[in-house]
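Heads up: the structure comes next, in structure tokens.
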Amino acid sequence: MLKKISLFIGMAISANAVAKGGVSPYLPLNQAPELEHQVQRLLAVSKNTHIMSKPYKAHDIYRVLQTVRHTYPELYQTLSYQLSPYIQSDAGTFAKVTLAAGTKDKTLPNQRGQTTKTNLIVEGGAYANFGRYFGVSVAGIANEDEILPTQSFFYLGNKYAQLDVGYREHWYSPFNDSAMLLSTQAKTTPSITLSNVEPLTSFNIRYDMFISKMTEQRGIRKGVYDPVNGNEFTPGKPYLFGLHTSFAATDNLTIGLSRLMQFGGGPRSVTLKDFAEGFFTPGAKDNITRSDAEEIDANYELGDQLGSITFAYNNSIYTLPYKLYGEVALEDTLGGGSRNNAYSIGLYLPFIKNDHSIRFEHSIWQGGWYKNTIYLDGNRNSGNVIGNWAGDEHDYTDYTPAKSMSINWHWQLSKIESLNTTIRTLENKRSGYRTSYELQTTYTRKLSKPIMGAKSWGAELYQGKDVYGETFARLGVFANF
């Protein structure tokens, strides 16, 4: 009882600090499933929330949580406890150790390039705020092969303009299991990011923009594309610029716009003027033909661009809340070139009674997604696509049209036990592939008393058949500290 009283006193003090409006640490992204599940529930049932990009700022989520204090008291109490480490002046936020064994060597969805052959994973995060306007975050993953920084950076500014410098992740989509533009499928890149903690104006405008440097590509084209005489390629590291903004169209409807620009690197130099022209007139600055290049400049073409228009609509049918969301993504311009577009739709039911949540997501894209004639590796970082996990499920140079589907079911078995299950399918449209099926299910159980510091433990099974018809399986056990 005393522990609970202390917690809520601490939360009240922290709420005062949050209200003053400074910088904020971030919640984990695809590293703390139980916390992230409750946050998704919160965002689906709260009104006038309008958050579309991730990772979520802890102070932003805490403010939203206050709006459901009386309508969803159980959710409020659960999330209040889970969020408490993130709204203090400093804290160790999470720690997790996983031991696993797997067959084949298949990339795990949304796990920064880790595979079924990754056997030991140690994850953790911590942060410290030095006053209201400056802080440091350290979070990452260590496995037997490498160390992957996920949220390791310093941040400064205020509630309207927070600057993050370091390894800060970006997820530009309302979708939960995949993102066509930018996700955690590939390794995190070092970046400089500017965003707001508190939404702007009565339209709840949020923005997030960054520039980063990607890992080295096998080759970056010099000059214009020439399929007749061949092309000259030089290794190099391109830049990636991202911009996301969202606003409230109504109390229940959020509209989002996102842009990605991959440019420069190797033999290609880019001036500020080139960048501005590419941003404001993408159709004129990209897809330059040989005849165009002879009239202007062989290096006139900026690079590669992806964009998306998204929506999210929250409401309820009688007492059943739901969230309907969708995305139209495009390369360069809508319908431009070879009509290289992608379409996604999703539906989330956060409370089927109190114990069940179900999410359905479906995406379809045309040929050439994540491919570009300037960059031999396309829109990849360290060999993995920067967007939808399914973009890694084909031959490396065969950018086939495809469609994917995922169904997620979260079952709260009891107050201390949960079962989280995701079923995915993928159909590549070109010959030589089979429809893939995979099942990922995770059991988690809280401990009544910590054992060697562990507060909960669980097991995860990931298995299925890939697009080549080959079976794979991975079994892991983990402990959360």
If you go through the stretch 167-182 one residue at a time, do you hit one that is farther than 30 Å from residue 368 by Cβ and small (Gly, Ala, Ser)?
no
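I need the full set of residues from the stretch 238-252 which are farther than 10 Å from residue 51 by Cα and modelled with pLDDT of 95 or more, in order please.
Just the residues of the stretch 238-252 that are farther than 10 Å from residue 51 by Cα, to begin with: 238-244, 249-252.
Scanning the stretch 238-252 gives 238, 239, 240, 241, 242, 243, 244.
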Filtering the stretch 418-440 down to residues that are in a strand (DSSP E or B) and either surrounded by fewer than 16 Cβ atoms within 10 Å (Cβ to Cβ) or touching a residue at least 60 places away in the same chain (Cβ under 8 Å) (or both) yields 418, 419, 420, 421, 422, 423, 424, 437, 439, 440
If residue 353 satisfies every condition in (1) surrounded by fewer than 19 Cβ atoms within 10 Å (Cβ to Cβ); (2) under 30 Å from residue 268 (Cβ atoms) but one, which is the exception?
(2)
Check whether at least one residue in the stretch 243-264 is among the charged types (D, E, K, R), touching a residue at least 40 places away in the same chain (Cβ under 8 Å) and within 24 Å of residue 171 (Cβ to Cβ), and report yes or no.
yes
Out of curiosity, is residue 390 of a type in the set (A, V, I, L, M, F, W, C), closer than 15 Å to residue 108 by Cα and in contact (Cβ under 8 Å) with a residue 24 or more places away in the chain?
yes
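Only residues that are assigned to a strand (DSSP E or B) and surrounded by 15 or more Cβ atoms within 10 Å (Cβ to Cβ): list them for the stretch 225-247, please. Working first, answer last.
Within the stretch 225-247, the first condition is being assigned to a strand (DSSP E or B), and the residues that meet it are 232-236, 239-247.
Residues satisfying the conditions are 233, 236, 239, 240, 241, 242, 243, 244, 245, 246, 247.
Determine which member of the set 373, 289 is over 23 Å from the mean Cα position of the chain (by Cα) and either closer than 19 Å to residue 174 by Cβ or at pLDDT 75 or above (or both). Show your work before the answer.
Numbers: 289 fails: either closer than 19 Å to residue 174 by Cβ or at pLDDT 75 or above (or both).
Result: 373 is the single residue among 373, 289 that is over 23 Å from the mean Cα position of the chain (by Cα) and either closer than 19 Å to residue 174 by Cβ or at pLDDT 75 or above (or both).
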Scan the stretch 34-48 and report the pairs whose first residue is over 11 Å from residue 82 (Cβ atoms) and whose second residue is outside any loop (DSSP other than H, G, I, E, B) and among the basic types (Lys, Arg), with Cβ atoms within less than 6 Å and a gap of 6+ or a chain change.
44/323
Residue 273: passes all of (1) in contact with a strand residue (DSSP E or B) (Cβ under 9 Å, 6 or more places away or on another chain); (2) in a helix (DSSP H, G or I) but (1)
Residue selected from the stretch 98-125 under the condition among the charged types (D, E, K, R) and modelled with pLDDT of 95 or more, by the criterion farthest from residue 149 (Cα to Cα):
106
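Please go through the stretch 225-252 and pick out each residue that is among the hydrophobic types (A, V, I, L, M, F, W, C), more than 23 Å from the chain's Cα centre (by Cα) and within 26 Å of residue 215 (Cα to Cα). Outline the logic, then answer.
Of the stretch 225-252, the ones among the hydrophobic types (A, V, I, L, M, F, W, C) are 228, 233, 240-241, 243, 247-249.
With more than 23 Å from the chain's Cα centre (by Cα) added as a condition, the list becomes 228, 233, 249.
Within the stretch 225-252, just 233 meets the criteria.
Listed here are the residues, each with its yes/no results for (1) in contact (Cβ under 8 Å) with a residue 40 or more places away in the chain; (2) within 23 Å of the chain's Cα centre (by Cα).
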{"position": "25", "(1), (2)": "yes, yes"}
{"position": "54", "(1), (2)": "yes, yes"}
{"position": "61", "(1), (2)": "no, yes"}
{"position": "88", "(1), (2)": "yes, no"}
{"position": "105", "(1), (2)": "no, yes"}
{"position": "109", "(1), (2)": "yes, yes"}
{"position": "113", "(1), (2)": "yes, yes"}
{"position": "128", "(1), (2)": "no, no"}
Across the stretch 397-406, what is the total count of residues that are among the polar types (S, T, N, Q) and surrounded by fewer than 16 Cβ atoms within 10 Å (Cβ to Cβ)?
1
Of the residues in the stretch 22-79, those that are more than 17 Å from residue 252 (Cβ to Cβ), in a loop (DSSP other than H, G, I, E, B) and small (Gly, Ala, Ser) come to 22, 24, 32
Unique residue being surrounded by fewer than 19 Cβ atoms within 10 Å (Cβ to Cβ) and over 15 Å from residue 177 (Cα atoms) when the list is 457, 409:
457
Do we have any residue at all in the stretch 209-223 that's buried (at least 19 other Cβ atoms within 10 Å of the Cβ), within 15 Å of residue 372 (Cβ to Cβ) and of a type in the set (Lys, Arg)?
yes
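Kindly check whether there is at least one residue in the stretch 451-462 that is of a type in the set (Asp, Glu) and under 25 Å from residue 78 (Cβ atoms).
yes
Please determine, by comparing only the residues of the stretch 199-224 that are touching a His at 6+ places or on another chain (Cβ under 8 Å) and assigned to a strand (DSSP E or B), which one is farthest from residue 166 (Cα to Cα). Even if it seems obvious, please write down each step before you answer.
As a first pass, look at the stretch 199-224 and keep what is touching a His at 6+ places or on another chain (Cβ under 8 Å): 199, 204, 206-210.
Add one more test, that the residue is assigned to a strand (DSSP E or B), and what stays is 206-210.
Working: 206: 21, 207: 18, 208: 15, 209: 14, 210: 11 Å.
Here the answer is 206.
Name the residue that is farthest from residue 142 (Cα to Cα), counting only residues in the stretch 86-97 that are surrounded by fewer than 20 Cβ atoms within 10 Å (Cβ to Cβ) and at pLDDT 95 or above.
From the stretch 86-97, those surrounded by fewer than 20 Cβ atoms within 10 Å (Cβ to Cβ) are 88-92, 95, 97; that's our starting set.
Filter once more, keeping what is at pLDDT 95 or above: 95, 97.
Working: 95: 11, 97: 10 Å.
Of everything passing the filter in the stretch 86-97, 95 is farthest from residue 142 (Cα to Cα).
Being over 18 Å from the mean Cα position of the chain (by Cα), surrounded by 20 or more Cβ atoms within 10 Å (Cβ to Cβ) and at pLDDT 95 or above is the requirement here; does residue 185 meet it? Spell out the reasoning first.
Values: over 18 Å from the mean Cα position of the chain (by Cα): no; surrounded by 20 or more Cβ atoms within 10 Å (Cβ to Cβ): yes; at pLDDT 95 or above: yes.
Taking the combined requirement at face value, the residue does not satisfy it.
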Which residue pairs have Cβ atoms under 9 Å apart, sit 6 or more places apart or on different chains, and have a first residue in the stretch 136-150 that is free of Cβ contacts under 8 Å to residues at least 60 places away in the same chain and buried (at least 18 other Cβ atoms within 10 Å of the Cβ) and a second that is among the basic types (Lys, Arg) and outside any strand (DSSP E or B)?
148/112; 148/187; 149/187
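The values are calculated or read from the model by the stated rules, or taken from the named source; none is laboratory data. On a predicted model such as this, the values are computed, not experimentally measured, just so you know. Heads up, the Cβs are rebuilt from the backbone with ideal geometry, glycines too, and the neighbour counts pull from every protein chain shown.
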